[in-house]
Each structure stands twice: as structure tokens, then as C-alpha cells.
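Q: Here it is, the structure in full.
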Amino acid sequence: MAAPRDAHRVLDAVRLGWCLAEVHGRNRPVGRQPTTSSSSRGNGSALPLRPERTEAEARAQAEQLLTALAAALEVDATPTPAGEGQPTTYAEQLATLTAARSAAAGGAVAPDRRVGFDDVTELLRRWDAHIQDTLNARSDMAACGYLLGRGLAECYWAHDWDAVPAASGGIDVAGANWGFLLGPARRGELSRLAGRLGGYLNGLTPTAVAGTLEVWGCVAAGKGWRSQPDAPDQLYEQSRRWYELMVLGQDPSTLVQPYALLRSWRSARHMLRSLWPQLVLAAAGVILIGAALWRAASGVGSGGGTVLGGLGALGVTAATLTTVLKSTSQALLRRLRQDVYSDLVALAATVVPTYPSGRRAGWLRRASAGPIVRRAVQSRQLTVATAAPDQPAVATG
């Protein structure tokens, strides 16, 4: 299927939403910056890759990208006229605030991000409202793309990782962040947004995103799991995976390991359990029609010729029945394969923290996250688009 005519702008809107969330996150005083590698800093001839850039460089890059995307989508101008000598666009206002914060830091290598943060937050809130209102007036799909990109990015960038006070009265303050950003309501909305953009993405991408969101819902619900030391880094890696699928257009099937389909007997068993009525009816139909054709063709029984003649009078021949059976079985097998493969893709796209260990019956026992992850993936509300039974399957990405 050809990409929609507005695919470029819709995907730019996804990228814009992601970038606005990242700019806000990189300026947050209680935010957490991704773990960076300093390997390139030890070699003067090697330039840094993106993950190797300093926090200041990464923040400046995100702000410049936000400015460029907002200008390209024409969502930069402020809705009210600026005064004499005042910035006329949101990007100019952001640049002014950035310069003021840099000056207040006095050239420090690691400035205090609390300085001027409230002003940045207020600006980004007004800019976000303007973007939503403008895109909604132009294109529902672009607005959905913007919200999806921003919502997925906020799963990491809007987290108050260091928000648990020393004396919280036993209240898990950080759990509120997990419960909101990856709670049922927000996960459901993000999954619906991914489903609406199915025509703009690879056919397997919405199911992969929905499946991984359900997995991280399980992580968020388990205090021991979400409290693992590697949880922030793993959530950042998961957000990078979402970015690769949604923005960079990576084919999710490239994440599936070789021969994984042959080893996916659990997913196949789940699909067979879900489709067993259709499989039983299809098998029964094949047996009954095959038996009738054999009896009619061989003349066995007094009704064989009558059955064959009656079917022929109605235009139903052996070739017709064979074609119908073949088409039905192929459609059923295609749906079964799609469901199994979409599970594999979602599992391959999932990145989770180390599962917490515990003691059982006096023995140190490390539980496995595998069954939990599989059940979460299979509980998603999206599936791969399937062609009508009388039409050939087509790609939806």
C-alpha cells in the first residue's frame, strides 16, 4: 500500500512531539540524563557519536532540532503580537531563556538546571498548547502523531527519577510517576494513537509499540521491578527503540532473531488456543466436503450422482470447492502466522530491567521475567491489519 500523501508531515509531527518532550527533560532539575560514553574524549582524532556528546551539547542539539521542526510545520509563531523588541516566535523565546540561564551559570561546565527552569516549563507548556491547537485545526492525523511522539518520549523524559524524599513517610513518591506515565489510562491512549497511525507506519510497528507498553506497565506496577538500579537506563533504551520504529522507520522484523519463529511454540500455542473454533470448523468443513466429493465422484451410495448433479446445477464444481477451501485455509493460516509473528516482533522490541530475585524455601531463586513479558505482550489491544478473505494480503506500512 502506498504511503498517504501527508505521511511526511505526520511523521515530522511525531518527531516534533518527541523533541519537545526531550527538550523539557534535558532541562529538568530533577530529571535524569542518559548514561553517556566518554570513549571519544580520550582520542583527539575521533569525533563523538550522538550518545557520546556532553549533556550541554545534547541539550543544544535538541533545542536546535525543535526550532527547525517547528518552523517546518509552521507551529512556531506566537498567537499574540510581540511588543517592540520582543521575540516573535517561541523558538526565539526559548533561545533568550537559554542564553539567560547560561549567563546565570557563569560559564560553569555543569550549571544548576534549577535556574530559570520554571520559565522554560511555562514556555514549553504554552508552545505545546499552540502546537496541539494548530495541528488539530489542520490535520487530525498530524495532531495524533504529535501526541504519540510526545507521549512515548515522556515515558522517560518526564520521569522524576530523584523525586523520592529522604523522609517520605513510607510513601513511594516515585511510584506516582510510574503510575501516571505508564499507567493503564496513558498506555491505552498511546496504543490507540499508534493504531490510528497504522497507515503511516510499518504494519508491525503499532503492535510492537502496544506490546512493549503493556510490558512496561507490568514493570511500573511492580515496586521491586521498577526499583532495580538499571531501570532508568533500560527505559531509556526502550525509548530509543520506540524512536527507531516510529521516527526512523526501522522495520520491526529486523529485530527478530534468526529461527525465532521455529522456537516460538508458546506464542503459537496461545494463537491456537484463541483460534481453535475456526480451526475446528475449517477442518470439519474440509473433511465433510471432501467426503461428499469423493462419494459423488466415485458413485458410492445412491445419492452420489444426485449430490454431484445438484451441485453442478448450482454452479458448484469440485474445482470451485477446492478453490474455496484453499482460499479459506490460506486466510486462516495467514492470520495465525501474523498473530504469532506480531508477538515475536513485540517481544524482540522489548527492553526490560533486571527482574528482582528473591528467596524461596531457603534457596536463592531468580525468577524469570519471560512469562510475564509474554503475557503482557499478548494482552495488547492491537493486532496486525489483515486483508479481507477474498483479497490478497497487502503491506500496511
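Q: Residue by residue through the range 354-385, note down the ones that are at pLDDT below 65 and in a loop (DSSP other than H, G, I, E, B).
A: Ala361, Gly362, Arg366, Ala367
Q: Are any of the residues in the range 89-98 β-branched (Val, Ile, Thr), out of contact with any His (no Cβ under 7 Å at 6 or more places or on another chain) and at pLDDT below 85?
A: Checked the range 89-98: no residue is β-branched (Val, Ile, Thr), out of contact with any His (no Cβ under 7 Å at 6 or more places or on another chain) and at pLDDT below 85.
Q: Give me the pairs, please: first residue somewhere in the range 180-202 and crowded, with 19+ Cβ neighbours inside 10 Å, second residue anywhere and of a type in the set (Lys, Arg), beta-carbon distance under 9 Å, and either six or more positions apart or on two chains.
A: So the pair list comes out as Leu182/Arg226; Ser191/Arg380.
Q: Only one of these is over 24 Å from Lys223 (Cβ atoms), at pLDDT 85 or above, in a helix (DSSP H, G or I) and under 28 Å from the mean Cα position of the chain (by Cα): Leu344, Leu332, Leu336. Name it.
A: Among Leu344, Leu332, Leu336, only Leu344 is over 24 Å from Lys223 (Cβ atoms), at pLDDT 85 or above, in a helix (DSSP H, G or I) and under 28 Å from the mean Cα position of the chain (by Cα).
Yes or no, residue by residue, for (1) exposed (fewer than 15 other Cβ atoms within 10 Å of the Cβ); (2) modelled with pLDDT under 85:
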| residue | (1), (2) |
| --- | --- |
| Ala2 | yes, yes |
| Ala7 | no, no |
| Trp18 | no, no |
| Glu22 | no, no |
| Arg32 | no, yes |
| Thr35 | yes, yes |
| Asn43 | yes, yes |
| Leu49 | yes, no |
| Ala58 | no, no |
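Q: I would also like to ask the following. I'd like to check which helices (runs of 4 or more DSSP H) are fully inside the range 197-262 and have at least 3 residues that are within 23 Å of Gln338 (Cβ to Cβ).
A: 205-221, 231-246
Q: Select from the range 116-144 the residues that are closer than 23 Å to Trp178 by Cα, buried (at least 16 other Cβ atoms within 10 Å of the Cβ) and either among the small types (Gly, Ala, Ser) or at pLDDT below 95 (or both) and list them in ascending order.
A: Scanning the range 116-144 gives a single hit, Phe117.
The values are calculated or read from the model by the stated rules, or taken from the named source; none is laboratory data. Just so it is clear, the structure is predicted and the values come from calculations on it, not from any experiment. Because the Cβ atoms are built from the backbone with ideal geometry, glycine has one as well, and the counts that use them run over all protein chains shown.
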